[in-house]
Amino acid sequence: MSHTDTGGLKVSLQDGASADAKEYGATESVPLHARSLSFWDMLATWVGANANNGTWYIGGVIAGTAFAGALAVMFIANPIAYFIMALIGYAGYKVGTSTMALTRPAFGVRGSYLPSLLNTTQFIGWTAVNTFIAAISVSFLCKDVFGWPAFGEPGGNKSMIMGIVLMSVLHIFSIAFGHRSVKMVERIGVILVVILGIWETVVVLQNVSFQDIVNWRPPADKTMPFGAAMDAMAAFSLAWVTAIAEFTRYGKNKSTATVAPMIGANVGLFWFCFVGIIATIGTAIATGTYDPNNSDPSTIASKLGLGWLAMLVIVITSTTANAVNLMAAGISLTNITKKITPISAIWIVTLVAAVLTFIPLFLSSFLSSFILFLDYIGMVFGPLLGILIADFFFIRKRAYDAGAMEEVGGKYWHQNGFNLAAIAVWVIGVVLFFAIHHLPFFKNTIGATYPVIVMSGILYYILSKLKK
């Protein structure tokens with residue numbers, strides 16, 4: 001066994017050509033010769049991750065700020081989120097471990113278990129959200145083919161169940177071999193997404209005058225405050241940050257780990273969020289009613305008469321996005337226990353997500369649940385990211401030792417496996433988000449998410465320096 005160095009970090013080089021076939025656990029550093037994702041693979045992965053039904057849906061939600069406001073939210077919140085993603089992506093590339101393993105130096109070996117558990121549940125939740133939205137498309141397809149009631153119609157649960165089962169089967173195929181099958185899904189999926197997405201954009205703009213879209217204003221009781229839209233969009237985009245190292249650890253070089261995901265994620269989001277914005281506003285103009293509860297792409301596509309091809313886009317994009325979600329959920333689980341192999345963990349979370357997808361069938365408002373879910377992400381993961389960035393870049397000067405991440409009593413053990421300073425700052429950050437989230441200044445301007453990230457990072461830096 002030989003060794004090489006990646007930016008100061010020694011990693012083992014295993015013999016044999018099967019290294020690329022291995023799925024590495026959370027704390028295992030991926031050796032250089034097993035890093036098989038190219039710049040274009042990473043670009044395709046993150047275009048595919050964001051060019052999806054969830055992005056369309058969030059576009060429909062922030063349409064409540066009117067067209068100009070929605071564009072401003074999109075062009076401010078997302079580049080910030082994906083710059084943060086590039087920072088964590090670089091850490092994953094340099095150290096070679098998963099995102100949740102990167103929390104061990106800051107939170108402690110045992111202290112990283114809670115973020116990992118929350119991250120697993122987050123991505124299971126995202127899978128369920130995307131699957132449910134895709135199942136709505138399948139329900140409309142079932143109506144066209146079999147005459148079954150679609151989602152929202154009496155008896156529509158029958159076609160929704162069919163859609164959930166179909167999507168779950170597609171997910172199993174997409175993650176069957178870990179990062180290798182995800183790579184193939186994204187390579188194929190991104191081509192279909194681009195072709196069909198262009199068609200969908202053109203058809204939407206043919207149905208409604210762009211000038212009418214620009215001039216449209218939401219009803220007073222449906223207007224969304226700018227800061228609230230910023231928080232929703234920030235949470236939506238930041239959710240990907242805690243998945244990024246699962247992929248950049250397989251990147252061939254630094255630009256693959258930083259530039260490629262940042263470009264891909266922004267392109268995918270700008271495009272499909274824009275389609276969601278104009279489609280939702282276009283539907284409001286065409287029907288005379290604006291209801292963000294009905295901003296899911298399937299309902300809008302049906303009302304605008306976009307046909308079965310639009311539904312197919314939604315199904316395909318759900319599969320490409322959820323391949324990333326499931327990969328992140330499964331690998332996060334391996335940071336909690338090594339008794340489950342990475343592939344087994346990915347299969348487990350896929351099955352759990354399939355079961356959870358049925359829950360929205362029994363809720364009165366999918367939109368309310370979606371916004372609550374985004375608030376949870378911003379509140380919990382915003383402070384965590386601030387701590388992680390401060391620890392990696394400013395406290396430890398980009399020098400994490402992957403070999404010490406499993407050591408009991410080692411440099412990342414802290415006190416009984418927990419770094420109380422990081423945990424205290426995390427709790428303070430969560431409380432701070434909860435306290436300022438609904439204050440008029442933050443609700444109407446910049447939102448609470450990004451201020452809390454900055455304040456959490458600064459507070460953690462100060463406490464860490466005082467400890468020394």
Handout entry: Residue list for the range 416-440, restricted to those being in a helix (DSSP H, G or I) and touching a residue at least 24 places away in the same chain (Cβ under 8 Å)
Key = 421, 422, 423, 424, 425, 426, 428, 429, 430, 432, 433, 434
Exercise for the section: Evaluate the range 101-111: report whether one residue or more is at negative phi, modelled with pLDDT of 95 or more, β-branched (Val, Ile, Thr) and in contact with a Pro (Cβ under 6 Å, 6 or more places away or on another chain). Expected result: yes
Exercise for the section: Starting from the range 261-272, keep only residues that are modelled with pLDDT under 95, then list their pairs with residues that are outside any helix (DSSP H, G or I) whose Cβ atoms are within a distance under 7 Å, requiring at least 6 positions of separation or different chains. Expected result: 268/51; 271/51; 272/51; 272/52
Handout entry: Residue ID - nearest to residue 466 (Cα to Cα), chosen from residues in the range 387-432 that are of a type in the set (Gly, Ala, Ser) and surrounded by fewer than 18 Cβ atoms within 10 Å (Cβ to Cβ)
Key = 424
Practice task
Tell me, please, whether a residue that is part of a loop (DSSP other than H, G, I, E, B), at pLDDT below 90 and surrounded by fewer than 18 Cβ atoms within 10 Å (Cβ to Cβ) can be found in the range 369-385.
Solution key: no
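A quick yes/no check of all residues on (1) surrounded by fewer than 18 Cβ atoms within 10 Å (Cβ to Cβ); (2) in contact with a Lys or Arg (Cβ under 6 Å, 6 or more places away or on another chain); (3) farther than 26 Å from residue 372 by Cβ:
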position	(1), (2), (3)
208	no, no, yes
237	no, no, no
247	no, no, yes
260	no, no, yes
268	no, no, no
283	no, yes, no
Exercise for the section: Please verify whether the range 188-199 includes one or more residues that are over 23 Å from the mean Cα position of the chain (by Cα), farther than 22 Å from residue 328 by Cα and modelled with pLDDT of 85 or more. Expected result: no
Fill in the blank from the handout: Flagged in the range 341-362 as among the aliphatic types (A, V, I, L, M) and either closer than 18 Å to residue 23 by Cβ or in a loop (DSSP other than H, G, I, E, B) (or both), in numbering order, are 343, 345, 346, 348, 349, 351
Handout entry: Which listed residue is of a type in the set (Phe, Trp, Tyr) and closer than 17 Å to residue 238 by Cβ, from 83, 39, 67, 107
Key = 83
Problem - Subset of the range 91-119 that is surrounded by 24 or more Cβ atoms within 10 Å (Cβ to Cβ) and of a type in the set (Phe, Trp, Tyr) - its residue that is farthest from residue 457 (Cα to Cα) - result: 93
Handout entry: Output for the range 204-256, where each listed residue is assigned to a helix (DSSP H, G or I), of a type in the set (Gly, Ala, Ser) and farther than 28 Å from residue 130 by Cβ
Key = 220, 255
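The values are calculated or read from the model by the stated rules, or taken from the named source; none is laboratory data. None of these values were measured; they are calculated from a predicted model. Here the Cβ is made from the backbone with ideal geometry for all residues, glycine too, and neighbour counts use every protein chain on show.
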